[in-house]
Amino acid sequence: MSNFLGAVLDDQEYHRLARESAAFYNAWFLDLEDGGVYFNVLANGIPYLAGGNERGKGSHSMSGYHSFELCYLAAVYTNLLVTKQPMDFYFKPIPGGFEDDILRVSPDILPVGSIKIGKVEIDGEPYSDFDAEALTIKLPKTDTRVKVKVTIVPV
């Protein structure tokens, strides 16, 4: 969240907090012995083990979803809003799976005008039927699934 606030508000204090938060997470939440993630830690970094199953890979609160989502959002916010680096996103839509064959590719709810589509490829070939600012792609009419690569760039 600090990365997001730092980028949106252009505030160096939030950038500093984002770096400190990432360092704390990497130092204390990762279980380097068993390859997991501690779901809760105390302020000093000691894992909070309340029920005895927190180190298990499949406990009620340890699903990978949360780790994957945080990693994804950190990459999106850092690359697109903070360091201003483009990102590639990949899709393989089901034919007819989207209303009016419009694929919406915004990676998250980011500030309006902060990102746009830089380029699109379909099955490895350049494709031009997209709206860069609206972050939408008009999918081609086809009966087979196509591979869509979208490069999103910061503005």
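With K and R counted +1 and D and E -1, the other residues having a Cβ less than 15 Å from that of residue 122 yield a net charge of 0. Rolling a 1.4 Å probe across all protein chains gives residue 19 an accessible area of roughly 150 Å².
Seen through its C-alpha gyration tensor, with square-root eigenvalues sorted a ≥ b ≥ c, segment 62-134 comes out oblate because a/c lies at 1.5 or above while a/b is not bigger than b/c.
Judged by the mean number of other Cβ atoms found within 10 Å, the most tightly packed of the peptides 91-102, 116-127 leads the ranking 116-127, 91-102. If Lys and Arg each add +1 and Asp and Glu each add -1, what is the summed charge of the other residues whose beta carbon sits under 9 Å from the beta carbon of residue 91? With Lys, Arg at +1 and Asp, Glu at -1, the neighbours total +3. In a fully extended conformation the segment linking residue 116 and residue 83 would gain 10.3 nm over its present Cα-Cα distance, using 0.36 nm per residue.
Considering every alpha-carbon pair of segment 94-155, the percent of pairs per 5 Å bin, from zero through the bin containing the longest distance, is 4, 18, 30, 24, 15, 7, 2, 0.
The values are calculated or read from the model by the stated rules, or taken from the named source; none is laboratory data. As the structure is a prediction and not an experimental result, all values here were calculated from the model. Note that we place each Cβ from the backbone using ideal geometry, even for glycine, and neighbour counts take in every protein chain shown. Surface accessibility is based on the protein's heavy atoms, side chains included, excluding ligands, DNA and RNA. Shrake-Rupley method; radii C 1.70, N 1.55, O 1.52, S 1.80 Å.
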